[in-house]
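All remarks here apply to the structure that follows.
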C-alpha cells in the first residue's frame, strides 16, 4: 500500500486540518512541520472508521532554527496562531533547544529531533509546501502508523520505556483505538 499518498489524501480531505496547515505555513518558519496527534489521530481515526469525528485539540508545531531559540519566541508564535485559530491548543517548539529538556545530544534538524519522540507512529511531521502539496517527514517510516502498531522509538525502548508506557495509558490509545497493537 502507498502510505504516503494515503496520508496526503486523509489530511487533504479534512478541511480543519488543511486550515491548520495553511496557518502554520504562513508563519514561514525554517524546517517547520506539524506532528504528533495532528497526524497520528487523523490516520488512526480514519482506519477505525470514525468518520464523524472532527479534529480538535492540540496542534504540535515544530521547527528548527538555532538562532531564534527562546521560550518567549515560542509563546509569541503560539499566541499568533491562537489569534488566527482560537479553537486549537497550539504548542510551538523550536527543536534546536528541545534536546536540553529531553536530555539528548543536540538535534541537527526537525527530522533528526523526531528520532527522539516516544512512539514511531507519532514521529511523523507534515507541512504544506509552496505548491500546496502535503510534504511528509517520517524517520521511522509510515508502516507503524498505518499498520496500527504502537511501539516505542529506540530512544524509549530501555531507560525511557516507562515514559512510553505512561503515555499509552494516559492517552488511552488502546481504549480509543481498539485495533491498535502494542509492540514492546
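The values are calculated or read from the model by the stated rules, or taken from the named source; none is laboratory data. The structure presented is a predicted model; accordingly, all values stated were derived computationally and were not measured. Here Cβ is always computed from backbone atoms with ideal geometry, including for glycine, and neighbour counts include all displayed protein chains.
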Selected residue (only one of 22, 107, 50 is under 26 Å from residue 143 (Cβ atoms), touching a residue at least 12 places away in the same chain (Cβ under 8 Å) and either touching a helix residue (DSSP H, G or I) at 6+ places or on another chain (Cβ under 6 Å) or exposed (fewer than 15 other Cβ atoms within 10 Å of the Cβ) (or both))
107
Listed residues 71, 15, 30, 86; which is without any contact (Cβ under 8 Å) to a residue 40 or more places away in the chain, out of contact with any helix residue (DSSP H, G or I) (no Cβ under 6 Å at 6 or more places or on another chain) and more than 26 Å from residue 171 (Cα to Cα)?
30
Please go through the range 54-92 and pick out each residue that is buried (at least 19 other Cβ atoms within 10 Å of the Cβ) and either in a helix (DSSP H, G or I) or modelled with pLDDT of 90 or more (or both).
59, 60, 61, 62, 63, 64, 74, 77, 81, 88, 90, 92
For the range 1-12, give me each residue that is without any contact (Cβ under 8 Å) to a residue 40 or more places away in the chain and part of a helix (DSSP H, G or I).
5, 9, 10
Criterion violated by residue 42 - all others in (1) touching a residue at least 60 places away in the same chain (Cβ under 8 Å); (2) touching a helix residue (DSSP H, G or I) at 6+ places or on another chain (Cβ under 6 Å); (3) under 20 Å from residue 114 (Cα atoms); (4) part of a helix (DSSP H, G or I) satisfied
(1)
Inside the range 126-162, can you point out the residues that are in contact with a helix residue (DSSP H, G or I) (Cβ under 6 Å, 6 or more places away or on another chain), in contact (Cβ under 8 Å) with a residue 40 or more places away in the chain and over 18 Å from residue 44 (Cβ atoms)?
128, 137
Qualifying position, being touching a strand residue (DSSP E or B) at 6+ places or on another chain (Cβ under 8 Å), touching a residue at least 24 places away in the same chain (Cβ under 8 Å) and part of a loop (DSSP other than H, G, I, E, B), among 121, 113:
121
Failed item, numbered, when residue 124 is tested on (1) surrounded by 20 or more Cβ atoms within 10 Å (Cβ to Cβ); (2) at pLDDT below 95
(2)
Tally, over the range 164-174, of residues that are closer than 18 Å to residue 102 by Cβ and surrounded by 13 or more Cβ atoms within 10 Å (Cβ to Cβ)
3
